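Enquirer: After the structure tokens below, expect a handful of questions from me.
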Amino acid sequence: MSTHPAPLSTWARNVSPSPTLAVDGKAKAMQAAGEDVCSFAAGEPDFDTPEHIKDACIAALRGGKTKYAPTPGIEPLRQAIVDRYASEYGLNAVPAQVIVSPGGKFNCYLGVLATCSPGDEVIVPAPYWVSYPEMVKLAGAIPKFVLADDRTGFRLTPAMVEAAVTPRTKLLILNSPSNPTGAVYTRAELLAIVAVALKHNLYILSDEMYEHLIYDGVKPTCIATLSPEVAARTITVAGFSKTYAMTGWRIGTTLAPLPVAKAIAELQSQMSSNVTTFAQFGALAALKEKEKTGAALKIMLSAFDRRRRLLHGELNKIPGITCLLAEGAFYLFPNISSFGLTDVEFCHRLLESEKVAAVPGSAFGAEGYLRLSYATSDEIIQKGVVRLARFCGTLAR
Ligand SMILES: *Cc1c(COP(=O)(O)O)cnc(C)c1O
């Protein structure tokens, strides 16, 4: 008998833990230890879930909605999701195309699993959301990164996508508005990019998690509305976490062509079953009680917008930092490459010397940047940028 247990699987040994959760965790631990930390690391709204959504969940719990529900979601919620795609985008779909999953992250993973076999290639635009490469690898597929830096506003051009396609390419991931850059593609830009996907018969995973967190009067584009051909190969992921401050509820949504939706529901039936039944009634209230939800969203959006402009203005006053004004999500992605140290080193020293937490761009596949979340108070933003400026002043350029 061996004295050591056998090694863990290749999946377990190859997966990287989420660097964003790690920085946020370290900042929270420092705060808990009584340190005065300014954290720009949060990946979630700093608001609480609106009351009417909580009330509906509590009523469902008290009313005995405590049993298994259909795997792809309770019927009224799937219908409400179809209705909202119709009213927001004029998109026609049926409830069988909708799958409600335990968090948008899992919706994304199931979308990859339903379309990719081992050895298939997936085009992942960088800077990317940290989970895409890991999900692709867990499906046995191969992420192919295409970097779009601040010179193109963090947006891919069709030529960049075309250059990354090989005979093995199966899936193109798109995420607009983007985490980590906040960049939003125009409808025309997306039309040109999906044309490349159509030409090579690729599936598209469109992560539209931040569709409602968008500023300056810009309208989000639901990629599945671009044409019936595009809809026939697009898996749209969205959810409740970011829009309605419901990150802890773990509810995300997929809208997919029928055969893909059926495959995703079957995968989910073996991997997690339904989302917590009474939580789904909260999500239903978020969609049904439109006036209350709209009012709550408006308050959050105006706070995010104010902080976005505050942070953007202050960052660009710091010699050596340049930052684009992103139109969506709640992140800015300033360029710090002029300081001549790696972004990991920059973040490490910033946290040690000034107790300011930021996530290095390299965590998102883009060295030389920081991801700063402005889902935090105006006061923290103001205090944090003063410290950041002081820190930058100590660096040679
Ligand atoms: C937060 C986030 C998700 C998933 O959110 P859940 O909390 O799992 O619902 C998906 N995609 C992006 C880009 C995100 O930032």
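Enquirer: Report the residue count in the stretch 251-299 for those that are hydroxyl-bearing (Ser, Thr, Tyr), within 16 Å of the ligand (Cβ to nearest atom) and surrounded by 17 or more Cβ atoms within 10 Å (Cβ to Cβ).
Expert: First pass over the stretch 251-299, keeping only residues hydroxyl-bearing (Ser, Thr, Tyr): 253-254, 269, 272-273, 276-277, 293.
Those left that are additionally within 16 Å of the ligand (Cβ to nearest atom): 253-254, 272, 276.
Right, trim to surrounded by 17 or more Cβ atoms within 10 Å (Cβ to Cβ) and you get 253-254, 276.
Here the count works out to 3.
Enquirer: Same structure again: Tell me, which residue of the stretch 214-240 that is within 22 Å of residue 280 (Cα to Cα) and in contact with a Gly (Cβ under 6 Å, 6 or more places away or on another chain) is surrounded by the fewest Cβ atoms within 10 Å (Cβ to Cβ)? Steps first, please.
Expert: Initially, the stretch 214-240 is screened for residues within 22 Å of residue 280 (Cα to Cα), giving 235-240.
The next check asks that each one be in contact with a Gly (Cβ under 6 Å, 6 or more places away or on another chain); those that pass are 235, 237, 239.
Details: 235: 28, 237: 26, 239: 29.
So, considering only residues that are within 22 Å of residue 280 (Cα to Cα) and in contact with a Gly (Cβ under 6 Å, 6 or more places away or on another chain), the one surrounded by the fewest Cβ atoms within 10 Å (Cβ to Cβ) is 237.
Enquirer: Name every residue in the stretch 276-291 that is part of a helix (DSSP H, G or I) and farther than 25 Å from residue 327 by Cα, in order of residue number. Working first, answer last.
Expert: Here is the first cut: in the stretch 276-291, the ones part of a helix (DSSP H, G or I) are 277-288, 290-291.
Matches in the stretch 276-291: 277, 278, 279, 280, 281, 282, 283, 284, 285, 288.
Yes/no per residue for (1) in a strand (DSSP E or B); (2) within 26 Å of residue 372 (Cα to Cα); (3) within 12 Å of the ligand (Cβ to nearest atom):
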{"residue": "166", "(1), (2), (3)": "no, no, no"}
{"residue": "171", "(1), (2), (3)": "yes, no, no"}
{"residue": "178", "(1), (2), (3)": "no, yes, yes"}
{"residue": "182", "(1), (2), (3)": "no, yes, yes"}
{"residue": "185", "(1), (2), (3)": "no, yes, no"}
{"residue": "189", "(1), (2), (3)": "no, yes, no"}
{"residue": "193", "(1), (2), (3)": "no, no, no"}
{"residue": "220", "(1), (2), (3)": "no, yes, no"}
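Enquirer: Can you tell which of 141, 96, 164, 188 is touching a residue at least 24 places away in the same chain (Cβ under 8 Å) and within 26 Å of residue 326 (Cα to Cα)?
Expert: Selected residue: 164, the only one of 141, 96, 164, 188 that is touching a residue at least 24 places away in the same chain (Cβ under 8 Å) and within 26 Å of residue 326 (Cα to Cα).
Enquirer: I would also like to ask the following. Tell me, which residue of the stretch 137-159 that is closer than 25 Å to residue 188 by Cβ and among the aliphatic types (A, V, I, L, M) is farthest from the ligand (Cβ to nearest atom)?
Expert: First, pick out the residues of the stretch 137-159 that are closer than 25 Å to residue 188 by Cβ: 144-159.
Checking the rest, the ones that are also among the aliphatic types (A, V, I, L, M) come to 146-148, 156, 159.
On the way: 146: 17, 147: 17, 148: 16, 156: 16, 159: 24 Å.
So the residue we want is 159.
Enquirer: Could you check how many residues of the stretch 188-222 are of a type in the set (Lys, Arg) and farther than 30 Å from residue 247 by Cα?
Expert: From the stretch 188-222, those of a type in the set (Lys, Arg) are 199, 219; that's our starting set.
Keeping just the survivors that are farther than 30 Å from residue 247 by Cα gives 199.
Of the residues in that region, 1 qualify.
Enquirer: Identify all residues within the stretch 114-136 that are within 10 Å of the ligand (Cβ to nearest atom) and part of a helix (DSSP H, G or I); write none if there are none.
Expert: Restricting attention to the stretch 114-136, the residues satisfying the condition of being within 10 Å of the ligand (Cβ to nearest atom) are 128-132.
Correct list: 131, 132.
Enquirer: Please work out which one of (1) in a helix (DSSP H, G or I); (2) within 17 Å of residue 68 (Cα to Cα); (3) within 13 Å of the ligand (Cβ to nearest atom) is the condition residue 248 fails and give its number.
Expert: Condition not satisfied by residue 248: (2).
Values in this text are rule-based calculations from the coordinates and carry no lab data. These figures come from a predicted structure and were not determined experimentally. Don't worry about glycine lacking a Cβ; one is built from the backbone with ideal geometry, like all the others, and counts go over all protein chains shown.
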